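Trainee: Here it is, the structure, as structure tokens.
The values are calculated or read from the model by the stated rules, or taken from the named source; none is laboratory data. Note that the structure is a prediction, hence the values are computed from the model and not measured. Cβ: placed from backbone, ideal geometry, glycine included. Neighbour counts: every protein chain shown. With ligands, DNA and RNA removed, areas are computed over all heavy atoms of the protein, side chains included. Shrake-Rupley method; radii C 1.70, N 1.55, O 1.52, S 1.80 Å.
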Amino acid sequence: MTGGFAPGADGPAAPRDPGLAAAFADAGDLPDGEARLAELDRIAARADALGDPHSALDARFALVAAYLRHGGRWRIIEPVRRLLATVERSPDLLDARPGDAELLRRHLRQAVEAAIGTPRIGLDQANALLDALARRVGTEAGVVAQLRCRLADHAGDEPTARRWYDRWTATAPDPEAGCPACLAVRRAELLAGWGDDRAALAALRPALDAGVDCTDQPERALAVGLLPWLRTGAAGRAATAHLRAYRRHRRERAALPYLAAQLRFCALAGHPDRALDLLAEQLPRLDHPHDDLSAMEFAAAGALVCALAAESGRAARRVRRPGHADRPTADLDVATLGTDLLAEATRLAGSFDARNGTGHHAGRIAAWLAERPTGDPVPLPAPESVDDPADEPFLPSAEEPAPLSLSQLTAVLDTRGDVYAVDAAGVVVGRWDEAVVQFRLLGRDGEILHARVVAARRLAAGRLAEAYEFCNAWNHDRLLPKAYVHELPGGELVLAGDVTTDLAHGVAPTQLGILVDAAVSTGVAYAEAVAALP
């Protein structure tokens, strides 16, 4: 069998039950989606019933990674809670798995962050997970202060949040806390929310450094700086930041939390038509949000855009809202759309406030809706003049070889305009037509580029001979990808393939682009050939 997950990579933590080991490996060959999630959950529950904690850990670690990749961040909380319970029942369980001990600490942080983003999880659960993290990293650790600060701010307790903020910023850099550049953006978000715009801009400086090693920066920092720059008189800087950040975030699945600032900037900078254009372009994301908090903020910002558009004489303009679930596609005037968006934002704010026992988020929405432009429209620079090489994170020239890195890989995908996700293990996943393609950096130093394609179509178990014949013919006639068949426990057949390239001597961006193009194009061709089978 080829593919699948890699349990216990840091020690002898392979699943103890052979049947569970096989099921776990088979789950790794399933395409991303609910089927894989359900199978991993079933394996974990079965491992619990059989008293096999190693298999339970492997399945739930994989389940958390799948939820993070699949877009269901709030759903990680239950498997993380069960991971914690398993480890606390057997304190020596992770002794041979130091990598998983670190991963559990990271997932505890992510679970608390996920709880901040949804009202579906009680604050008592969030605090219990945070207490568990504090027991593992120390009560004085920066990551603990950071999360207590953010929880207090989320509930509207600014004095407590500020006290924790001071403790957070007084701590040394903490590897458990996450990317330093992204933490700078978090700090700036808090300061801007408290009205400290100049302090927020000062906090952003590390994330705007041209040498920062983070694939999400500087665009996230630029988006967070939009309103502080606008409010402190640096309107030109804000306009440039808007164009540059939106160029990336308009296509990036995980960027919904930053689009509310883009909408508010356009509305308050005196560009109602551009604000409506952006709202119309991004409106479908509201039906598949990053989390409930970003959905609330996007809807509130959209309601502001519609209100200002109507006030500026654009009440007759119509915006198409695609259908979703029971809601049909409709061309809505801005007043109707604004009413719908405000209702959505108000509903979510009410859920958060009911969970938190405050009126903080309802107050935030009311404050946003009361905002108005304070001066003449801010001139927007020509798009072609925006990119300043001095602001760009360092990447080798198109012809200069450099060690293979995740940032190089995602830069290639960004240039292509692809939609993709990166999970906690650094696996890049995207779907192109009938093909799900995963890119991994393997080898001791991450010098091997491994691309794996899984065809969306599956075949019935009775077609095994035909599937083998297809793959043999493909491998005879085509160089890439190497094709193979995997039989699932239920009898269905998954047709997959892979391409492995050793880049120990480095790779130039142009060359990496060619490799990615080839992996995607051949993967799509392979999946389309599977789909075309009778």
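Trainee: Grab the beta carbon distance between ALA518 and ALA22, set R0 = 30 Å, and tell me the FRET efficiency rounded to 0.05.
Mentor: The pair ALA518/ALA22 has a calculated efficiency of 0.40.
Trainee: Just to be sure I understand the model, the point goes 7 Å from the Cα along the line to the Cβ. What's the resulting ILE448 to ARG327 distance in nm?
Mentor: 4.7
Trainee: Using the heavy atoms of the protein chains alone and a 1.4 angstrom probe, what is the accessible area of region 54-200 per residue in square angstrom?
Mentor: Per-residue value: 39 Å².
Trainee: Once amide H atoms are placed 1.01 Å from N in the peptide plane, what residues at a sequence separation of 5 or more from CYS179, or on another chain, have their amide H within under 5 Å of its amide H?
Mentor: Placed amide hydrogens put nothing under 5 Å from CYS179.
Trainee: Report the relative contact order of the chain, percent, no decimals, based on alpha-carbon pairs under 8 angstrom and at least 6 residues apart.
Mentor: Reported relative contact order: 11 percent.
Trainee: Hey, got the dipole for region 109-230? About the Cα centre, +1 on K and R Cβ, -1 on D and E Cβ, debye to the nearest 20?
Mentor: 160
Trainee: Here's another thing I want to ask about it. Taking a virtual spin label 7 Å from the Cα of ALA335 along the C-beta vector, which residues in region 271-312 bring their backbone nitrogen under 18 Å of it?
Mentor: Only 303-312 fall inside the zone, counting backbone N under 18 Å.
Trainee: Using all Cα-Cα distances in region 185-286, what percent lands in each 10 angstrom bin from 0 up to the longest?
Mentor: Here the calculated profile for region 185-286 is 16, 51, 30, 3.
Trainee: Give me the mean projected area, in nm² to one decimal, of the convex hull enclosing the Cα positions of the chain.
Mentor: Result: a mean projected hull area of 26.2 nm².
Trainee: If the rule is a partner Cβ under 4.7 Å, which cysteines in the chain fail it?
Mentor: Isolated Cys, the chain: CYS149, CYS214, CYS266, CYS306, CYS471.
Trainee: Per-residue ellipticity at 222 nm for the chain, helices alone: DSSP H runs ≥ 4 residues times -39500 (n - 2.57), over residue total, nearest 500 deg cm²/dmol?
Mentor: Here the helix-only value at 222 nm equals -18000 deg cm²/dmol.
Trainee: Give a residue-ordered list of calculated ³J(HN,Hα) values for region 139-144 (Karplus: 6.51 cos²θ - 1.76 cosθ + 1.60, θ = phi - 60°; whole Hz; x for Gly, Pro).
Mentor: Coupling constants for region 139-144: 5, 9, 5, x, 5, 5 Hz.
Trainee: Hey, any idea what % of region 221-304's accessible area is carbon plus sulfur with a 1.4 Å probe?
Mentor: 52
Trainee: Between ALA38 and ASP376, what FRET efficiency follows from the Cβ-Cβ distance if R0 is 60 Å, with the result rounded to 0.05?
Mentor: My answer for the efficiency is 0.60.
Trainee: Next question. What ³J(HN,Hα) values, in whole Hz, does the Karplus curve 6.51 cos²θ - 1.76 cosθ + 1.60 give for region 367-375 when θ = phi - 60°, with x put for Gly and Pro?
Mentor: Values, residue by residue: 5, 4, 5, 8, 5, 9, x, 10, x Hz.
Trainee: Also, I was wondering about something else. With +1 on each Lys and Arg Cβ and -1 on each Asp and Glu Cβ, and nothing else charged, work out how big the dipole of the chain is about its Cα centre, in Debye to the nearest 20. Walk me through the intermediate numbers first.
Mentor: On the way: 59 positive and 74 negative charges, 240 e Å.
So the dipole magnitude of the chain works out to roughly 1160 debye.
Trainee: Would you please give the FRET efficiency between ASP502 and ARG253, computed as 1/(1 + (r/R0)^6) with r the Cβ-Cβ distance and R0 = 25 Å, to the nearest 0.05?
Mentor: Working from the Cβ atoms, E equals 0.25.
Trainee: Can I ask one more? Counting only C-alpha contacts under 8 Å and six or more residues apart, can you give the relative contact order of region 126-187 as a whole percent?
Mentor: 30
Trainee: Go through 119-132, 264-277 and give me the packing order, highest mean Cβ count within 10 Å leading.
Mentor: In descending order of packing, they fall as 264-277, 119-132.
Trainee: Given points 7 Å out from each Cα along the Cα-Cβ axis, report the ASP196 to THR169 separation in nanometres with one decimal.
Mentor: 0.4
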